[in-house]
Structure formats: structure tokens, C-alpha cells
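Single-structure report; data block below.
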Amino acid sequence: MQVVSISSLKGGVGKTSVTLGLASAALAAGIPTLVVDLDPHADATTGLGVSAGSQLGIGEMLRNPRRVQLADQVVPSGWVENARRLAKNPAGRKPVLDVAMGSAYSGIYDRPDLGKRDLRRLTNLLSRVTGYGLVLIDCPPSLNGLTRMAWTASNRVLLVAEPGLFSVAGTERTMRALDLFREEFAPNLAPAGIIANRVRPSSNEHVFRLAEMKQMFGDLLLSPTIAEQANWQQIQGAAHSVHHWPGESAKQAAGTFDALVKNLMDTGSVRNRVMRRPVG
Ligand SMILES: Nc1ncnc2c1ncn2[C@@H]1O[C@H](COP(=O)(O)OP(=O)(O)OP(=O)(O)O)[C@@H](O)[C@H]1O
Ligand SMILES: [Mg+2]
């Protein structure tokens with residue numbers, strides 16, 4: 001199971017949008033996926049078209065991670081029904097895209113001084129979860145307790161950055177914080193991959209910043225980059241999956257996320273193979 005945190009120090013750079021795009025591609029590829037909405041604003045939960053029943057939000061689950069069974073509290077994304085309807089073989093295997101819903105209560109863990117025991121709350125919750133190939137954790141825009149809790153539970157971190165001066169500088173700071181965190185708490189965590197979002201190839205500033213990022217981060221800058229997309233807010237406002245939205249630009253965006261998910265799953269299987277190899 002690949003557990004991937006989508007983080008950035010800076011707000012509004014596209015963490016939730018990337019989470020939704022990856023979830024959409026995973027659904028299209030038939031990868032059973034769980035989205036954990038760790039941001040107290042719960043934007044990912046809204047975008048995934050979840051109709052909540054009596055299930056607990058993630059904040060309430062984290063209060064009691066040893067007692068609560070996450071599997072009993074997840075809610076299917078509204079996208080799943082659409083995917084089934086559009087499937088060539090709707091009677092075939094049921095696609096899985098579940099959501100551990102965001103909740104304002106999770107905010108109590110977003111402190112800068114969270115202790116080791118608290119940092120493991122999400123790891124404990126996920127330790128009894130099976131059946132998913134991919135877990136995506138949408139983080140709030142800070143390096144406080146919730147993001148560090150997500151990193152503790154992950155084997156991969158994706159940092160989202162826009163190709164602008166402040167965002168690039170913020171990514172460098174986040175990268176340094178993550179390196180320190182790996183040394184102290186998570187030596188098996190892979191180095192972060194960086195996703196450049198809202199790229200406008202016609203902008204000289206973007207071309208310059210992307211070249212700068214390539215120089216700073218080398219292969220950690222993932223390919224392909226995600227283009228600025230005119231109808232993105234409309235798609236998200238309709239709580240729709242980009243793979244089910246009509247038109248050429250949605251199709252191109254869907255293709256970008258397909259490639260990023262493939263990249264994530266491929267590096268995951270390579271790492272698992274390396275980690276399983278016997279020593280000596
Ligand atoms: N590639 C894109 N093209 C066009 N609009 C985008 C793109 N990526 C994100 N946006 C828009 O930018 C806004 C912020 O994106 P999003 O909510 O995903 O950022 P975030 O990093 O999750 O924010 P926060 O830090 O508040 O959680 C949203 O309105 C979203 O629709
Ligand atoms: Mg967000």
C-alpha cells in the first residue's frame with residue numbers, strides 16, 4: 001500500500017486539487033484508493049462529492065485510533081457511481097474510492113509541539129486498514145502537527161509548488177524541514193517528489209522558475225507538470241472527477257494525472273522490491 005502525503009508550507013498552491021486529480025486517475029486505473037482529508041477545512045471531502053451519514057470525521061477518529069476501525073467510518077466518493085455508470089462493464093468489479101472525511105475537530109492536533117505519541121495517531125489508524133493500493137493524505141498548509149502526523153504515516157511525500165518566487169522558496173524550506181523530520185522520525189520515508197502546478201508555458205517567469213526548480217531539485221521535480229486550467233474551478237465546484245468531465249482540456253489534465261499516478265505506483269513497487277531484497 002502506497003501512502004502518500006500531499007503537502008506544502010504555502011496555502012492555495014493546489015494540494016487539494018492535486019489530491020483530487022490523483023484520486024480521479026487512480027479511480028480510472030482501477031486502483032482501490034482511500035483519501036484521508038486531514039485539512040480541517042475539508043475541501044477534498046467536498047470535492048469528492050461525499051454524502052455523509054453517521055460516519056465519524058478524521059478528527060474524531062484520531063481521538064481514539066486504537067478503538068476506531070477506520071474501515072467502518074469511510075464513505076464512498078460520489079464519483080464512484082459515475083464511474084460505474086460510464087464503465088464499459090458496469091457489472092464488473094466495483095471501483096473503490098473511499099474518503100476518511102475531513103472535520104474541524106482535527107484542528108486540535110495542528111499544534112507545532114505535537115509529541116511522538118500523537119504523531120503516530122494516523123499511523124495507528126491506518127495500521128489495521130487493508131485492501132487499498134493507494135492512500136492519499138491531503139494536508140493543511142503548514143508544517144504543524146497534522147502535516148507531521150501525515151508524514152509519519154506515509155512512505156512518500158509530494159510537495160506542491162507553483163512556479164513563482166515565493167512558492168519555490170517555500171518548497172525549499174519545506175524540503176529542509178522534511179529532511180530533518182526524516183532523520184529524526186522517519187528514516188524510511190523516500191525523498192519528497194515535487195509537483196509543479198498551475199504552469200503556464202507561455203509565461204517567461206514560469207519557464208525561468210521551472211528551470212530554477214530543476215536546478216535546485218533535480219529528479220525530485222516530477223514530470224509531467226500540471227498546467228493552469230481554465231475550467232478547474234468549475235469541475236471542482238460540480239464535485240466532479242476530471243476524468244468524467246467533457247472537453248479536450250479536461251482530457252489533457254486527466255492524462256497528466258494518469259502519468260503522475262503511474263509514476264507514483266511504479267516508484268512504490270520499485271521501493272518495495274528493494275526493501276524486500278534479503279541482506280547479504
Ligand atoms: N492547475 C490549476 N489550474 C487552475 N486552477 C487551479 C489549479 N490548481 C489549483 N487551482 C485553483 O486554485 C485554488 C486553490 O487550489 P487548492 O484548494 O487545490 O489549493 P490548496 O493548496 O489545497 O489550498 P489550501 O492551502 O487552502 O488547502 C482553487 O480554487 C483551485 O481550483
Ligand atoms: Mg487544500
Taking the range 105-154, which residues are within 13 Å of the chain's Cα centre (by Cα) and hydrophobic (A, V, I, L, M, F, W, C)? LEU134, VAL135, LEU136, ILE137, CYS139, ALA150, TRP151, ALA153
Only unsatisfied item for VAL35, checking (1) within 27 Å of ARG176 (Cα to Cα); (2) at pLDDT 95 or above; (3) surrounded by fewer than 20 Cβ atoms within 10 Å (Cβ to Cβ); (4) more than 12 Å from ligand 1 (Cβ to nearest atom), is (3)
Filter result (aliphatic (A, V, I, L, M) and part of a loop (DSSP other than H, G, I, E, B)) within the range 186-204: ALA186, LEU189, ALA190, ALA192
I'd like to know if the range 46-67 contains one or more residues that are under 12 Å from the mean Cα position of the chain (by Cα) and within 12 Å of ligand 1 (Cβ to nearest atom). no
Looking at the range 91-134, which of its residues are over 18 Å from GLY145 (Cα atoms), surrounded by 22 or more Cβ atoms within 10 Å (Cβ to Cβ) and touching a Lys or Arg at 6+ places or on another chain (Cβ under 8 Å)? PRO95
Of the candidates PRO224, PRO246, the one satisfying the condition of being more than 24 Å from ARG173 (Cβ to Cβ), exposed (fewer than 15 other Cβ atoms within 10 Å of the Cβ) and without any contact (Cβ under 8 Å) to a residue 60 or more places away in the chain is PRO246
Which numbered condition ASP118 misses (of (1) part of a loop (DSSP other than H, G, I, E, B); (2) acidic (Asp, Glu); (3) under 12 Å from LEU62 (Cα atoms)): (1)
Across the range 231-280, what is the number of residues that are hydrophobic (A, V, I, L, M, F, W, C), assigned to a loop (DSSP other than H, G, I, E, B) and at pLDDT 90 or above? 3
Take the range 39-76 and flag every residue that is within 16 Å of ligand 2 (Cβ to nearest atom) and within 18 Å of LEU134 (Cα to Cα). ALA44, THR45, LEU48, ILE58
Among the residues of the range 4-23, is there at least one that is away from ligand 1 (no atom under 16 Å from the Cβ) and either surrounded by fewer than 24 Cβ atoms within 10 Å (Cβ to Cβ) or under 13 Å from the mean Cα position of the chain (by Cα) (or both)? no
Would you call LEU178 in a helix (DSSP H, G or I), within 16 Å of SER7 (Cα to Cα), touching a strand residue (DSSP E or B) at 6+ places or on another chain (Cβ under 7 Å) and touching a residue at least 12 places away in the same chain (Cβ under 8 Å)? yes
Looking only at residues in the range 163-212 that are surrounded by 16 or more Cβ atoms within 10 Å (Cβ to Cβ) and more than 21 Å from the chain's Cα centre (by Cα), which one is modelled with the lowest pLDDT? GLY164
State which residue is modelled with the highest pLDDT when the search covers only the range 77-95 and only residues that are more than 20 Å from GLY131 (Cα to Cα) and touching a helix residue (DSSP H, G or I) at 6+ places or on another chain (Cβ under 8 Å). ASN82
Quick check: anything in the range 8-23 touching a Leu at 6+ places or on another chain (Cβ under 7 Å) and at pLDDT below 95? yes
For residues that are within 15 Å of ligand 2 (Cβ to nearest atom) and not small (Gly, Ala, Ser), scanning just the range 113-142, find the one that is farthest from LEU48 (Cα to Cα). PRO141
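The values are calculated or read from the model by the stated rules, or taken from the named source; none is laboratory data. Owing to the predicted nature of the structure, the values given are computational and were not obtained by experimental measurement. Note: ideal-geometry Cβ built from the backbone for every residue, glycine included; neighbour counts use all protein chains shown.
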